[in-house]
1. Mind listing whichever residues of segment 1-28 are of a type in the set (Lys, Arg) and either part of a loop (DSSP other than H, G, I, E, B) or surrounded by fewer than 16 Cβ atoms within 10 Å (Cβ to Cβ) (or both)?
2. When you go through ILE31, ILE50, ILE55 one by one, which is the residue that is in contact with a Leu (Cβ under 8 Å, 6 or more places away or on another chain) and open to solvent by less than 30 Å² (accessible area, probe 1.4 Å)?
Amino acid sequence: MMLEPSIDALQEKINSKYTLVTLAARRARQISHTDSSLIENPKSSKYVGIALEEIIAEKLTVKEDE
């Protein structure tokens with residue numbers, strides 16, 4: 001079973017696996033409370049999957065601390 005989006009593609013957008021997991025979890029929680037997505041017609045039916053699709057679509061980014 002191939003997961004979409006792939007971890008390699010996700011890590012091109014966000015370097016750290018820990019940051020990626022934290023961002024996806026926080027966004028999934030927001031989606032579960034609001035039932036709104038930043039992308040149209042997400043492929044995934046699960047909140048974490050939708051959050052990962054938003055990361056790939058560059059709708060979610062991480063501010064780097066200076």
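1. Scanning segment 1-28 gives LYS17, ARG26.
2. Of the residues listed, the single one that is in contact with a Leu (Cβ under 8 Å, 6 or more places away or on another chain) and open to solvent by less than 30 Å² (accessible area, probe 1.4 Å) is ILE55.
The values are calculated or read from the model by the stated rules, or taken from the named source; none is laboratory data. Quick caveat: nothing in here was measured; it's all calculated off a predicted structure. With ideal geometry, Cβ positions are generated from the backbone for all residues, glycine too; neighbour counts draw on all protein chains shown. Surface areas here come from the heavy atoms of the whole protein model, side chains and all, with no ligands, DNA or RNA. Shrake-Rupley method; radii C 1.70, N 1.55, O 1.52, S 1.80 Å.
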